[in-house]
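Reviewing the structure listed below.
The values are calculated or read from the model by the stated rules, or taken from the named source; none is laboratory data. Just so it is clear, the model here is predicted, and its values are computed rather than measured. Cβ: placed from backbone, ideal geometry, glycine included. Neighbour counts: every protein chain shown. These accessible areas exclude ligands, DNA and RNA; they are computed on the full protein's heavy atoms, side chains included. Shrake-Rupley method; radii C 1.70, N 1.55, O 1.52, S 1.80 Å.
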Amino acid sequence: MTTQYRNSLLAGVIAALIAAPGWVSAQQAQSPQTEGGHPAQSTGEAPASTENHMKSVPQGALLPSHPDNSILSALTPRQLKRMEIDDASGKKIGKVEDVVRSRDDGFIYAVVSSGGLLGIGAKEVTVPVEMLEVQGNRLRIGATKDELQRWPEYQEDRYAELGPTSKPISEFSAFEAIPPKESE
């Protein structure tokens, strides 16, 4: 594979990933709501990779699409670790414990620790990095602490840690080989 072809392919994948949160937000805005405030079944299909994780994401948790999320994509997993996460009102609701790639869909997620007392009893959930927005030296998400607590718990065997941790998020590809699960 030539370098030019590979770079073109990578640019297309990055453009699609950047556009995906806006597409999902637009689809949710167009879908009718049921009595409980959850979206009704849509006839349009979301990409399978987005659909699988978004089933567990509460309605309203997505941020509007941001025309320039280059700050987040330029950060490395090492820089994202331990960053605090605020809800839309600016209240701290958790922190990033790790940055991982899903073995199911290849997309990148932040493992967010939320709740508990001084980290004890905290619940870890995975949040697609596209849902995070950089605000100074913190991250912001369009979900509350209670909503994060209702998300499915992080299952380590379904994810692979990103490496090297000094490589910017934008340079990781969903098409890279994921290392096999380590047997214990």
Legend entry - Residues satisfying the stated conditions in segment 126-140, i.e. part of a loop (DSSP other than H, G, I, E, B) and in contact (Cβ under 8 Å) with a residue 12 or more places away in the chain: 132, 137
Legend entry - Members of segment 128-141 that are in contact with an Asp or Glu (Cβ under 9 Å, 6 or more places away or on another chain) and either buried (at least 18 other Cβ atoms within 10 Å of the Cβ) or of a type in the set (Asp, Glu) (or both): 139, 140, 141
Inset, instruction - Starting from residues that are assigned to a loop (DSSP other than H, G, I, E, B) and surrounded by 15 or more Cβ atoms within 10 Å (Cβ to Cβ), keep the ones in segment 166-177 and report whichever is modelled with the lowest pLDDT. - result: 174
Legend entry - Members of segment 93-117 that are part of a strand (DSSP E or B) and without any contact (Cβ under 8 Å) to a residue 24 or more places away in the chain: 95, 113, 117
Legend entry - segment 142-165, subset open to solvent by less than 70 Å² (accessible area, probe 1.4 Å) and under 21 Å from residue 74 (Cβ atoms), residue modelled with the lowest pLDDT: 163
Legend entry - Of all residues making up segment 108-129, the number that are touching a Pro at 6+ places or on another chain (Cβ under 8 Å) and modelled with pLDDT under 90: 0
